[in-house]
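Reviewing the structure listed below.
We did not get these values from a lab; they are worked out from the coordinates using the rules stated. Keep in mind it's a predicted model, so treat the numbers as computed, not measured. Quick reminder, even Gly has a Cβ in these numbers, built from the backbone with ideal geometry, and neighbours come from all protein chains shown.
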């Protein structure tokens, strides 16, 4: 008998988890599934985080069951894209999927065909996304615009000067809106480029602060 995990979700106060759970338990018994655990969520399908679904996927990675059984597609995923991602991940764990309303069971011939189509759609979406990114980069290059992460538009010389005059690392970072690590790096680079800066006075507590960064 297949070890089955049931997942149910409601998104409004007037909906009841028991309705889905009762149906799934009854159908699981008829199909010969052994229910090993039930996972539930009470929230809108638009929510990104769902503790019940997260726990189900964690247990799927540990192979605690062979099949996930839901009342309908829209109970397990908040969008078509999310649904495809969930199915793709379950398949990678060797976990089958079944839906009561859509009468889909990925263990059968039609179910395997369904998974093949799902995989093709997912691959197509990834390829389209990559192509859009490449087109965007090419367009920016043709327009003479910078591509990739841009460097911070700050006055490095002033930052180094303020730091070497004794301003604290934290104060320098706040004044110019940069990270403490960036200040440390620019001061170090300036000292390496101009050895004379290495003799500039720096209080011992400031030196410790810099090292700690």
(request) Set the Förster distance to 30 Å, then compute FRET efficiency between residue 16 and residue 92 from the Cβ-Cβ distance, nearest 0.05. (result) 0.35
(message) I need the calculated FRET efficiency for the pair residue 189 and residue 165, taking r as the beta carbon distance and R₀ as 25 Å, to the nearest 0.05.
(response) 0.90
(request) Report the full-extension gain for the segment residue 43 to residue 133: residue separation times 0.36 nm, less the Cα-Cα distance, to one decimal in nm. (result) 29.0 nm
(request) Could you calculate the FRET efficiency of residue 179 with residue 79 from 1/(1 + (r/R0)^6), where r is the beta carbon distance between them and R0 is 41 Å, rounded to 0.05? (result) 0.70
(request) Would you mind putting 129-139, 66-76 in packing order, based on average other-beta-carbon counts within 10 Å, highest first? (result) 66-76, 129-139
(message) Highest mean first, how do 52-58, 88-94 rank when packing is the count of other Cβ atoms within 10 Å averaged over residues?
(response) 52-58, 88-94
(message) Cut-off is 10 Å between beta-carbons; in what order do 9, 50, 140, 25 appear when sorted fewest neighbours first?
(response) 140, 25, 50, 9
